[in-house]
């Protein structure tokens, strides 16, 4: 088993949470770049904001319940998932990207459990 697969297995997030991050990346990059194809890089902050927006749109007042059920309680969790996906070769980063860019972007409970 590769190190990347081991990393993913050690994280507490279910497959649906990773799929949500993929969909959130599409949502955030389309919002930022207005396109669905080609290079569509977004920052950690932009991705977190896009994921919050997508969660609110998709689940409304249940968004916090869904994400917390997936063990996503802070934007740092999004970063952990993204970097696990990078390690697995599913996503890529630029030299300017860093896991700290996901740290405390917003208080998920405060914005989603309204």
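Read the figures in this text as sums done on the coordinates, not as results from a lab. None of these values were measured; they are calculated from a predicted model. Note that each Cβ is placed from the backbone with ideal geometry, even for glycine, and that neighbours are counted across all protein chains shown.
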Peptides ranked, highest mean first, by Cβ atoms within 10 Å: ranges 43-54, 87-98: 43-54, 87-98
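Applying a 10 Å radius around every beta-carbon, put 72-85, 14-27 in order of their mean neighbour count, most first. Mind showing how you got there, number by number?
Details: 72-85: 20.8, 14-27: 16.6.
Ranked by mean Cβ neighbours within 10 Å, highest first: 72-85, 14-27.
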When only alpha-carbon atoms are used, what values of Rg and Dmax, in angstrom, describe region 3-112? 13.2, 37
